[in-house]
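Derivation of every value follows stated rules applied to the coordinates shown; laboratory data play no part. All values reported here derive from a predicted model rather than from experimental measurement. Every residue, glycine among them, receives a Cβ derived from its backbone with ideal geometry; neighbour counts consider all protein chains shown.
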């Protein structure tokens, strides 16, 4: 499989996104595996970063719904947005909590997001990790 960009460029893109989000060096160290997963997504061409808006776009491997073939993740969330998405989630339900963050970040409905293939969800949940 051919890569879209080099590993170095991919890591640089992830670091730009993390810098924009002001993720601390300590948190980056703890999240090395997540950072590597995001970089791999960029390297493979599945993820891309908009250098102006800092939105991450994920090309889905499997179409969601009738014609949704990508997800666009906001670079920032407010507490209110998260609270609205978490209001229906039972405490202790970690899977639903992560799904709620994915929905808050992308603006898609929970019913639609619950149909994500596990390969696509793995990337989406990795992005959501940096908002938990």
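In a Debye calculation with equal point scatterers on the alpha-carbon sites of region 7-129 and no solvent, what is log10 I(q)/I(0) at q = 0.12 Å⁻¹? Here log10 of I(q) over I(0) equals -0.43.
As a proxy for reagent exposure, ranking 121, 20 by other Cβ atoms within 10 Å from fewest up yields 20, 121. Here the spin labels are modelled as points 7 Å beyond Cα on the Cα-Cβ line, and at residue 19 and residue 95 they lie 3.9 nm apart. Placing a label point 7 Å from the Cα of residue 122 along the Cα-to-Cβ direction, the residues of region 31-52 whose backbone N falls under 13 Å of that point are 34, 37-38, 40-41.
In terms of the mean number of neighbouring beta-carbon atoms within 10 Å, the peptides 82-95, 38-51 order highest first as 38-51, 82-95. Taking other C-beta atoms within 10 angstrom as a stand-in for reagent exposure, 2, 13 fall in the order 2, 13, fewest first.
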